Amino acid sequence: MSTRESISPPETELLRPAPEAAELRPAYARLLAWPPLHKFVYLGGDLLAITVAHMLAVRIVEHLLRVPMDALNPSQYHRFYIPFFAVVLYLFEGYKSPDLRRPEQELERSCKAVAVSFLGLVPFNFVVFRSEAFSRYLLVSWFALAFVLLPILRFSLRAIYEGLWKAGLCRRRALLIGSPAGLSGYQQLLSIQRHYGYDLVGLLVDTPSAESLPLEQEMLRLPMLGSLEEWEKSLASTGANLIVVAHPVVPDGEEWLGELLRRCKQLHVDVELYSSVLATANLNYEHDEFSGCFRFYAKPQWSLAVQRAIKRGLDLAIGIIGSVITLLMTPLVFLLVNLEERGPVFYRCAYLGQDGSTRYYLKFRSMHVDADRILEGDATLRSRFREKHKLIDDPRVTRIGRFLRKFSLDEFPQFFSVLMGHLTFVGPRTIRQEETVHYGPLLEKLLSIKPGATGFWQVMGRQTTTYPERVQMDMFYIDHWSIWLDLVIIAKTFWKVLKSEGAY
């Protein structure tokens, strides 16, 4: 499945139907959707980033450190390092279906590819150019710049492809095949990620019940094209070049799937197999070429330990910086809050701790002092609040409070809790005791890790999501946690705060 991800989640057009199947797309649109072209574009972008990083490093070392030009690197060095990096990045699978990669995997792959490339470049220089002069300052500067520029360029390309997708270009047409339950799980997984991927042109369902079929069709908003046996006819009529199979429940299912794979190989049509179990397992895997089995195994413990240590280091650094900023902001916020209504500058917000007890973190007060009394005295307001535990156009919020909430300034005192280790900066969202009913048996899983000041829910929809979606987003984060996912969420958090998106 594709992993182009929307930063802002508009109405769910994640799985919207494609234009009429009979409509022929222009040649340039088919070319833009051609997967090999994407790989060449990413390769060109990577080499551009490496080259620009080298040029900037040369200027920095030459002008700031006053290193002579003839002592930096050999003449015509670009003729060597450009193909060298191209080969290393290719061998590192940087171009193996880049459109199928989640953002945190893209970040991890990009950073590791740069690190491996430069580690390989150093011994190569000593072997190939051992008689030439090299500046160690240049190599260090070059590496640092490439480490930043290459991921930036890659994510810029992802944003460009997302924009083209929204404009109706760069789209591969896909056919969905499977059971209602399997297709529902597939749609839900893409929906909570705010995923922009393929044009899903039609649906083939395996003998569903009369009650479940209309419900699933309405949810997916896709035309029903027939039974499973008609997949090849539907493939030809829709012009699809990809099939997504989600749990086919049919007699002799393995035989049917084997025949489908054999025919798709002949037709040069790609096939994706969706499994709800594997989608949430977050395990490494490898293919046993002798038996044809896929072997799944957990990530190394040392890697997880290093990532947890980095996470705590980030919490300390962000907590210190955020706490200092909060202390500087407090006198001004106190003045503004009390100009509108006299009262405390802070509000103690209750949340459920990992041990099941009620704890508190601080926020700048954004509501009237008697906000709780207003809620208890208004039955309609109380009913709306119970639905999402949030209110749109909350009458309890003050004018200065709306400004603080718009730019998430009311959240800054949470940095005190992050610094003390009561909260982590990125984690599942905090919940109150009364919200536990929404999690049911998933509550234990939610409390298995520390709640966060920001998280997957905040950057993937925030107040625009339903409560069941929030629960699924928390579970997705726990299942897929890595330090790379945290870094992506941190970057998106700052971007959303700047755009004041999703807050009210």
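A short reminder: the numbers here are calculations on the coordinates, not readings from a lab. Only a predicted model underlies this, so the values are computations on that prediction, with no experimental measurement involved. All Cβ positions, even for glycine, are placed from backbone atoms using ideal geometry, and neighbour counts span all protein chains on display.
Some observations on this one:
- Taking 349, 293 and counting other C-beta atoms within 10 Å, the order from fewest to most: 293, 349
- Residues whose amide H falls under 5 Å from that of residue 246, counting only those 5 or more places apart or on a different chain, are 177, 178, 179, 274, with hydrogens built in the peptide plane.
- Anisotropy class of the stretch 302-499 from Cα gyration tensor, a/c 1.5 cut: oblate
- Cross-link pairs 96/311; 299/445; 112/166; 311/450 - those with Cα-Cα distance over 21 Å: 96/311; 112/166
- Relative contact order of the stretch 34-166, taken over Cα pairs closer than 8 Å and 6 or more residues apart, is 45 percent.
- Going by neighbour counts of Cβ atoms within 10 Å, the residues 238, 493, 358, 280 line up, fewest first, as 358, 280, 493, 238.
- Amide H within-cut-off set for residue 453, under 5 Å, with H built and near neighbours excluded: 424, 425, 426, 427
- Ratio of the Cα radius of gyration of the stretch 34-166 to 2.2 N^0.38 Å, where N counts its residues: 1.11
- Taking other Cβ atoms within 10 Å as a rough exposure proxy, 481, 302 sort from fewest to most as 302, 481.
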